[in-house]
Structure formats: structure tokens, C-alpha cells
Amino acid sequence: MAELGVSSDSKSSDREMMQEQLVNMGFSEALAAEALETTGGDIIKATDWLLSRGNCNRSHQNDDAAVSIHNNTPPPPSTSKVGNFQPKIDCFFNFNSNGSINSKGICSVVNSDAGVGGGGGGGGGDAAELLPAGEPSLQQESPSKPLSERMRPQTLQQVVGQDHILGPTSALRSAIRSCRLPSLILWGPPGTGKTSIARAIVADANANCNSSPDPLGGAIPPYRFVQISAVNAGVKDVRDAVDEAKNWTRLMKKRKSSGSHRIITRTVLFIDEVHRFNKAQQDSLLPVIEDGSVIFVGATTENPSFHLITPLLSRCTLLVLNPLQPEHISTLLNRSVSDISRGIQLGLKWKKVQVEDAAIEFLSQHCDGDARVALNALEISVTTAAAAALPERADNRDIVDDSVLLVRTSHVEEALSSKHVAYDRDGEEHYNLISALHKSMRGSDPDASIYWLARMLEGGEQPLYIARRLIRFASEDVGLADSSALTQAVACYQACLFIGMPECNVNLAQCVCYLALAPKSVAVYTAIKDAQKLVRDSVGQNEGVPLHLRNAPTKLMKNIGYGKGYVYPPGCDESDPDLLSQTYMPPSLQGYKFLHWPKSAAKKNGN
């Protein structure tokens, strides 16, 4: 991926966002603009510049904008230049992170107008207050967020279906308890919780590890979470995030207690879809992981062996996530129904929402282990049920219904009318399915072969790709056992080329069944493999072609012996001694066998 450029519009937007953030801290707009202009648009330097001034011109125009630290009481007036301002500022720094993490020792920025937080998506509003440290509070999410985003697990305890990597005795749990988070690669199918686990790891680590005491008041968590996506990021974005982490560390080192204790917060850099990075972009991560500038956590849906460079893999611990089972999906769906602050009831005009057990079961069985698909489908189902239940009205007045909104199986079936088929033509599932088809035909199971063929076609696979694989199978696994198999496979390819999908599905099915039922032989496949290995192993020592096997189109070639002594088999009797004594191998390989196939079988098959 090429490095992303930064347009003037983007710079202007970033400057406005940083200025707004400083204003939310309590500084005036004019002073915030002056600070950013003086420091070249660096928000950390701008903050230091503001705090170094004798008169910070803090604007407390209303009580809603007041900020309290940990004990929910306003701090006493400060008599120093930095004094009590610094702890107020820490919780406002987002550092390009997608959201704050609610756990012990971490401040959560919440909208004071609503009285509760906005959950996982970033901090702040026009007025904000900091919740005290402790267990994650019950916060009401924004109804505009998708249900799958609102219902993200807050802690590892809430993650389902991944006990093999998150169990009490797992290596990851031990690392969290010892406050030594390693760099990780999270590999798993979509909707299995990779991003949620990354966030929850940091939340649990901050909850379990002792926060550093802030000499200016409060506590500083040992880890901060920064998220970027490889889909729209490049080397510059990674460099900026690393520089930000180093700046943060330097800022923390300036703030010492009365003793020698030093406050240091490490940055967890989470890169989603890390397989989208090319080799150069992945190389840029190596030195910062090596020197400990950041703790790297990458998430990928693709096989790391194919899409991530070996040096990156060697620096990280690989955690493989399993597809979620129906019982895990049911747990998440029921949780979204019962959670009144984040679940499906949020933003609706009914006091209660109920979902039929059959609807939950249907969703859990038809989402291919993808929790995001299931939750999004449930959200659509609720919307459909609500639209059908609301009576028609001539005006547009809001309707508040005290009755129960019932989501039926029919609503869920409508939401999943186009069923989800997990398939990626360029990803690992592509190769998994073609492998299953190949092995089913090799095992002479036509039913399984037809099933895997249907999975590929429904997933959108190109029929010509499947036909090419069938041609290969006809020679590799059937071979001389049925010489018509190759003819069938080539004819299937031509049929697919002529008529295309969806009509060519039956041509593919016919060929798949023929190959599955055909007798099998790998004699040809083994023969060519052994011969090629012999040639490769003999590079530099391969003998020349015997003279009697060489063609002699010129008189000179005939004079030096080309073609001398060659016996033309079609012109001789099979019992001719010269024909019987004629050899075709180099002298050192006389009598060597590559093809183990009886001549009687060859005659029977017309070969």
C-alpha cells in the first residue's frame, strides 16, 4: 500500500479537531489557536506551552464544563503554573485511538448533557466530566452506533468462544497478571472478537496492574490503547503513532514523584487488518517492536504464514481464534436483548423488547460463526418488527408504546433472506474449500464432493477456476486408471466457457461426480514427480542424449553419428532383436523405473 498523503483540507480538519480538544479542556478558543500556531500544530507541545504560562486563561463559563478528577469533586485552586491542571488534561488525550477503555485507573470521558458515557468511541463533547476509577460503569451508548459495536465486550471475562487462549491458566492471562504484555498477532475469521480482545487485554491489564501514582494527583494507567487500520493507513501513520508514543513516554518521565519513582505508560499499538500492509510497511514495524517503543497487536483474517513477513511473526506471539459456535452466538444475542444500556432496546419507543427463542436459534445457526453478522441481523429484525408494530398515523408525533415489542422468527428470516456464506476468493477459505473438494473426490465420495462444490459456487467462486482444478485432478488422481477422465474435465471447462453461470453448475456437478466415482491412480503423478526430483538433484551432472536418439536433419550430423543405430519401432516386428535391445535411457539410468504401471493395464486402457 502506498503511503497516504495529507491534503491541506485534512491538515485543516486535524487543526480544528485539536483546537476543539483544547477548548474542551477549558482553554479559550483564542489561546488554543495561539498555542497550536506557536508549536506547529503539535497538541502535546501546545499543552505544555499553555501550562507553562502564568495565566492560562481557563474559561469556566458554566458548571457543565467543570472537570473533576477521580473523586468527583472539583480540585482546589492551584497556585502553581502547572499544578492541578495536568491531571485534568490526561484523560482528554485520545492520541488517535478509537476509544477510551473503561477500567480501573482509567478516566472515561462522558457527555455531561446525557449524564452517561458514549462507550467505546472516543471521548468528549461540548462539556465533559471524568468518571472515578473503578469497575466499568453502566454507560448508555449512542443509538446511532451499530449494535455489534455497542455490544463489544468490555473485559476478557465477557469474551465468548475463545477459552483456549483466554482461559485462567493461559499464557496471555499470565502475562496480564504479571503486567508484561507481549506483542501479539490475533488470527481468526471475521466476527470472532479480534478487535474486542485487543481492547479487553488493555482494559484487564490496567485493571489488574497497579497504576503509577501521579504526583499531581490521581493515577496513571500502565497501558494506553491506540488503534489504526491497515486498510487506510500507511508507513507515515505508523510513524506518527510511534512518535506519539515516544512523546507520551517523555512527557511521563518529566513527572516524577518526590522519590526516584518514574511514571511510564506504555503504548499498545493495535493495527487492524494488518495483512493489508505490504512488505515495506510491515518492515517499518520491526525496529519499534524490537526496541520496545510500542507493544504491537495485529489482527488479521488471513493466514499469517502467507501474508505476514517472517521477521514480524518471530517478534510476536500468534493467537489463533476459533469460529464461534451457535451456543456462543446465542449468548451474545441474549446479552444484547437483556442489556438495556447498550442492547437492542436502546433508542426504541417500547419499554421492553422480547425475541423468540426460535429466532435466536435461527440466527445463531445461520451466521457462519460471525457474531457481527448475527448482531447486525438482529438489529435489522428489531427495526422490521418495530416498523410493522407501529400503527399508521396521519401526523408525525412520537409514539411511546408501553407494550412489549416481540421479534419473531419471520423477522429474523427476512433479515437473513440473503444468507451469509463465509467465503473469500482471495483468502484462506478459498483454498480450504478447494482442498475439501479435491480430497472428497480423491476419497470417492460424490455427495461430499457435490456439497463442497455448492459451497464454492454459492460463495461466488469463478466456475473456470473450479474447472481448471478438475482438469488437474483428472490427471493427478485418476490418470491412467480411466483415460476418459481428462477428456471429461476438458469438456467441462469448455462447457463452462461457453455458457457460464448459473447454467454451467450442472456441467461442473457432472464432472465432479464422474471424477469422484472414477477409479484412482497416482502412477503418472508419482512418475513425473520422481523424474523431476532426479533431474533437479543431478544438475550439472545430467548426461547428454544418446546419439542414436538424436535427430539428424543434416549430413554433418549424420557423419558424426547422430541417429546411428536407431531402430524405428513401427517398421519392425515386435520380436526383432534390434528393437528389443534398443534402449532409451542415458547409460547411467538403464533399467530405472519411474512409472509403476503394468503393460497389460496399459494395453487394456488403449495406452
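Which ones in segment 429-456 are closer than 20 Å to Ala485 by Cα, surrounded by fewer than 17 Cβ atoms within 10 Å (Cβ to Cβ) and hydroxyl-bearing (Ser, Thr, Tyr)?
Ser435, Ser444
Residue check, Glu461 against (1) closer than 21 Å to Gly500 by Cβ; (2) out of contact with any helix residue (DSSP H, G or I) (no Cβ under 7 Å at 6 or more places or on another chain); (3) part of a helix (DSSP H, G or I); (4) charged (D, E, K, R), all met but one. Which one?
For Glu461, the exception is condition (3).
Every residue, every condition in (1) among the polar types (S, T, N, Q); (2) farther than 23 Å from Glu429 by Cα; (3) crowded, with 22+ Cβ neighbours inside 10 Å, yes or no:
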residue	(1), (2), (3)
Phe277	no, no, yes
Ser314	yes, yes, no
Gln345	yes, yes, no
Ala359	no, yes, yes
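Could you identify the single residue in Tyr568, Tyr493, Tyr584 that is at pLDDT 95 or above and either out of contact with any Lys or Arg (no Cβ under 8 Å at 6 or more places or on another chain) or closer than 14 Å to Leu470 by Cα (or both)?
Values: Tyr568 fails: at pLDDT 95 or above; Tyr584 fails: at pLDDT 95 or above.
Step by step, each of Tyr568, Tyr493, Tyr584 is checked, and only Tyr493 is at pLDDT 95 or above and either out of contact with any Lys or Arg (no Cβ under 8 Å at 6 or more places or on another chain) or closer than 14 Å to Leu470 by Cα (or both).
Looking at segment 150-167, is at least one residue assigned to a loop (DSSP other than H, G, I, E, B), farther than 27 Å from Ser305 by Cβ and out of contact with any helix residue (DSSP H, G or I) (no Cβ under 9 Å at 6 or more places or on another chain)?
Taking every residue of segment 150-167 in turn, none turns out to be assigned to a loop (DSSP other than H, G, I, E, B), farther than 27 Å from Ser305 by Cβ and out of contact with any helix residue (DSSP H, G or I) (no Cβ under 9 Å at 6 or more places or on another chain).
With the structure loaded, tell me whether Leu375 is outside the structural domain of Arg150 (by TED's automatic domain parsing) and at pLDDT 85 or above or whether it fails that test.
Working: outside the structural domain of Arg150 (by TED's automatic domain parsing): yes; at pLDDT 85 or above: yes.
For Leu375, the condition - outside the structural domain of Arg150 (by TED's automatic domain parsing) and at pLDDT 85 or above - is met.
Taking the stated definitions as given, is Pro304 within 22 Å of Thr195 (Cβ to Cβ), in the same structural domain as Arg180 (by TED's automatic domain parsing) and not polar (S, T, N, Q)? Before you say what the answer is, go through the steps one by one.
Working: within 22 Å of Thr195 (Cβ to Cβ): yes; in the same structural domain as Arg180 (by TED's automatic domain parsing): yes; not polar (S, T, N, Q): yes.
Considered against the rule, which asks whether it is within 22 Å of Thr195 (Cβ to Cβ), in the same structural domain as Arg180 (by TED's automatic domain parsing) and not polar (S, T, N, Q), Pro304 comes out as yes.
Which one of Ala552, Ala495, Ala489, Ala527 is touching a helix residue (DSSP H, G or I) at 6+ places or on another chain (Cβ under 6 Å) and either outside the structural domain of Ala474 (by TED's automatic domain parsing) or in contact (Cβ under 8 Å) with a residue 40 or more places away in the chain (or both)?
On the way: Ala495 fails: either outside the structural domain of Ala474 (by TED's automatic domain parsing) or in contact (Cβ under 8 Å) with a residue 40 or more places away in the chain (or both); Ala489 fails: either outside the structural domain of Ala474 (by TED's automatic domain parsing) or in contact (Cβ under 8 Å) with a residue 40 or more places away in the chain (or both); Ala527 fails: touching a helix residue (DSSP H, G or I) at 6+ places or on another chain (Cβ under 6 Å).
Exactly one residue qualifies, and that residue is Ala552.
Run down Asp576, Asp537 and say which single residue is at pLDDT 80 or above, charged (D, E, K, R) and farther than 30 Å from Asp482 by Cβ.
Details: Asp576 fails: at pLDDT 80 or above.
On inspection, the qualifying residue turns out to be Asp537.
So Pro304 fits all but one of (1) farther than 18 Å from Gln162 by Cα; (2) out of contact with any His (no Cβ under 9 Å at 6 or more places or on another chain); what number is the exception?
It fails just one condition, (2).
Which pairs turn up if I take residues in segment 473-484 that are more than 16 Å from Val512 (Cβ to Cβ) and look for partners that are at pLDDT 95 or above and surrounded by 23 or more Cβ atoms within 10 Å (Cβ to Cβ) with beta carbon separation below 8 Å, at least 6 apart in sequence or on another chain?
Short answer, once both residue conditions are applied: Gly479/Ala485.
Glu543 versus (1) more than 60 Å from the chain's Cα centre (by Cα); (2) within 18 Å of Thr583 (Cβ to Cβ): which is the lone unmet condition?
Going through the list (1) more than 60 Å from the chain's Cα centre (by Cα); (2) within 18 Å of Thr583 (Cβ to Cβ), Glu543 breaks only (1).
Working carefully through the options Val506, Val524, Val512, Val535, find the one that is exposed (fewer than 11 other Cβ atoms within 10 Å of the Cβ) and part of a helix (DSSP H, G or I). It would help to see each step written out before you state the result.
Values: Val506 fails: exposed (fewer than 11 other Cβ atoms within 10 Å of the Cβ); Val524 fails: exposed (fewer than 11 other Cβ atoms within 10 Å of the Cβ); Val512 fails: exposed (fewer than 11 other Cβ atoms within 10 Å of the Cβ).
From the options Val506, Val524, Val512, Val535, the qualifying one is Val535.
Take the conditions surrounded by 10 or more Cβ atoms within 10 Å (Cβ to Cβ), more than 43 Å from the chain's Cα centre (by Cα) and acidic (Asp, Glu) and apply them to Asp530. Does it pass?
Values: surrounded by 10 or more Cβ atoms within 10 Å (Cβ to Cβ): yes; more than 43 Å from the chain's Cα centre (by Cα): no; acidic (Asp, Glu): yes.
So Asp530 does not fit the description; no.
Restricting to segment 23-52, name every residue that is at pLDDT below 75, within 27 Å of Ile228 (Cα to Cα) and in contact with a helix residue (DSSP H, G or I) (Cβ under 7 Å, 6 or more places away or on another chain).
The answer is Val23, Met25.
Scan segment 265-283 and report the pairs whose first residue is assigned by TED's automatic domain parsing to the domain that holds Phe296 and part of a loop (DSSP other than H, G, I, E, B) and whose second residue is among the acidic types (Asp, Glu) and surrounded by fewer than 19 Cβ atoms within 10 Å (Cβ to Cβ), with Cβ atoms within less than 9 Å and a gap of 6+ or a chain change.
Correct list of pairs: Glu273/Glu302.
Residues to consider are Gly292, Gly298; find the one that is modelled with pLDDT under 90 and either small (Gly, Ala, Ser) or part of a helix (DSSP H, G or I) (or both).
Numbers: Gly298 fails: modelled with pLDDT under 90.
Answer to the selection: Gly292.
Taking Leu172 as the residue in question, decide whether it is buried (at least 16 other Cβ atoms within 10 Å of the Cβ), among the hydrophobic types (A, V, I, L, M, F, W, C) and part of a loop (DSSP other than H, G, I, E, B).
On the way: buried (at least 16 other Cβ atoms within 10 Å of the Cβ): yes; among the hydrophobic types (A, V, I, L, M, F, W, C): yes; part of a loop (DSSP other than H, G, I, E, B): no.
So Leu172 does not fit the description; no.
The values are calculated or read from the model by the stated rules, or taken from the named source; none is laboratory data. Quick caveat: nothing in here was measured; it's all calculated off a predicted structure. Glycine also receives a Cβ, built like all others from the backbone with ideal geometry; neighbour counts cover every protein chain displayed.
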